[in-house]
Amino acid sequence: MAKKALITGITGQDGYHLANLLNEKGYEVYGIIRGQHNPKRERLEKEQPFVKIIEADLVDQSSLVRALQTAQPDEVYNLGAISHVGYSFKNPQLTADVTGKGTLNMLEAIRAVGGEKTIRFYQASTSEMFGGLDYNRPGEGYNEDSLFHPRSPYGVAKLYAHWITKNYRESYGIHASCGILFNHEGERRGVEFVTRKISNAVARIKLGKQDHIELGNLDPKRDWGYAGDYVEGMWLMLQQDKPGDYVLATGETHTIGEFLDLAFKEIGIEDWKPYVKENPDFMRPAEVDILLGDPTKAETVLGWKRKVDFPSLVKLMVAHDLELEASGEVLK
Ligand code: NAP
Ligand code: F7E
């Protein structure tokens, strides 16, 4: 019998990669779509027709109960969230409801259908919970034992989701694991995130469709990996006999300036400064200055390792956007 998986956040970057991975592994894949006319539904139906769509919303627990009753999943991957840090400052209560309490709603739905012993649960935790104040393990990278100090409503909501997942593991014996994932990017990254914003702008500049890009703070450093590698780690967590928490990261950190260097070099431009304008609208009330992860536990216990390195990541994103922009297709 094929295993069954239910994914929240199926229309997001990770949902796309994870659905493909599980499909390749022979899973029956169910995906939750929210909204009465979600514009991303058409694309999902076209690109991933194997996904069985269920209409539900993380803020509506009754809809999650029905989704579980329909899918009868062996595994639930909770990727759905308000995931943009800047947006979370503008909509903090919505972020708490979706990103924080949405996780509780799903865990309670699992209890409501009596799935504590039969359903394995993955929670999409984040490096944003660490907050980037480099006082924990200076220079060594955050690991599963590092202190948390979230710096945004998003980070705080994710920390609640992280701890309620651990609490339900300890209280009700649910096989629930948290992947503490550092930034991961790729050709399906939303254009509201800095890497995709840059790769897309670089492609458009090359094709003469725009002449500059407006960005906020260029100094922060991030541990950037490729999303396709990270969904493999999510799946591995749920295949372990025991649940646990794992950092997935590359162990390297780079500034936005370094991303710009490599991206502009792909179109033959050595000095990007004339093409980049500072715009305070993209700055945040509190910034996470540096994120660097230590994936030793995932590498040792899960046998997980990222395959795509930083220069290859930038290259693949720019190449993808050059093709997309040249084709005239609308960026979705
Ligand atoms: P993403 O592209 O922003 O996707 C977020 C998904 O959540 C979308 O499918 C969105 O649906 C869905 N969603 C939003 N509100 C919802 C609601 N009320 N009910 C149900 N679904 C809802 O995010 P991602 O990059 O794929 O990340 C996946 C998860 O990992 C997120 O939880 C994110 O916070 C977390 N994470 C991401 C990273 C990273 O670097 N990418 C790192 C650590 C953790 P719509 O399409 O309808 O808006
Ligand atoms: O910002 C700076 C910005 O929005 C990265 C999410 O997936 O990863 C992501 O969160 C950095 C920040 O990602 C612009 O201030 C400058 O320092 O691409 P981002 P993020 O905030 O790191 C974590 C791990 C998650 O969990 C989140 O869900 O870039 N920056 N100028 C800018 N950022 C944006 N978005 N736009 C700019 O114009």
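The values are calculated or read from the model by the stated rules, or taken from the named source; none is laboratory data. Note that the coordinates shown come from a computational prediction; the quantities given were computed from them, not determined experimentally. Reconstructed Cβ throughout: ideal geometry from the backbone, glycine too, with neighbour counts over all protein chains shown. In case anyone asks, the SASA skips ligands and DNA or RNA and just uses the protein heavy atoms, side chains included. Shrake-Rupley method; radii C 1.70, N 1.55, O 1.52, S 1.80 Å.
Observations on the model:
- Residues satisfying the stated conditions in segment 5-26, i.e. of a type in the set (Ser, Thr, Tyr) and over 11 Å from Gln48 (Cα atoms): Thr8
- Residue in segment 285-306 that is within 23 Å of Asp229 (Cβ to Cβ), among the aromatic types (Phe, Trp, Tyr) and open to solvent by less than 80 Å² (accessible area, probe 1.4 Å) present: yes
- Selection count where residues are under 16 Å from Ile205 (Cβ atoms) and part of a helix (DSSP H, G or I), scope segment 297-332: 11
- Qualifying residue in segment 281-296 (condition: under 25 Å from Met234 (Cβ atoms), away from ligand 1 (no atom under 16 Å from the Cβ) and assigned to a loop (DSSP other than H, G, I, E, B)): no
- Only one entry in Glu214, Glu270, Glu232, Glu252 is near ligand 2 (Cβ under 10 Å from one of its atoms) and either under 19 Å from the mean Cα position of the chain (by Cα) or open to solvent by 60 Å² or more (accessible area, probe 1.4 Å) (or both), namely Glu214.
- Unique residue being among the aromatic types (Phe, Trp, Tyr), over 23 Å from Val288 (Cβ atoms) and either surrounded by 20 or more Cβ atoms within 10 Å (Cβ to Cβ) or within 13 Å of ligand 1 (Cβ to nearest atom) (or both) when the list is Tyr168, Tyr154: Tyr168
- Those residues of segment 27-59 which are within 16 Å of Val76 (Cα to Cα), more than 9 Å from ligand 1 (Cβ to nearest atom) and part of a loop (DSSP other than H, G, I, E, B), in sequence order: Tyr27, Val51
Conditions tested, residue by residue: (1) within 27 Å of Asp97 (Cβ to Cβ); (2) within 14 Å of ligand 1 (Cβ to nearest atom).
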residue: Glu185; (1), (2): yes, yes
residue: Arg188; (1), (2): yes, yes
residue: Ile198; (1), (2): no, no
residue: Leu238; (1), (2): yes, no
residue: Thr255; (1), (2): no, no
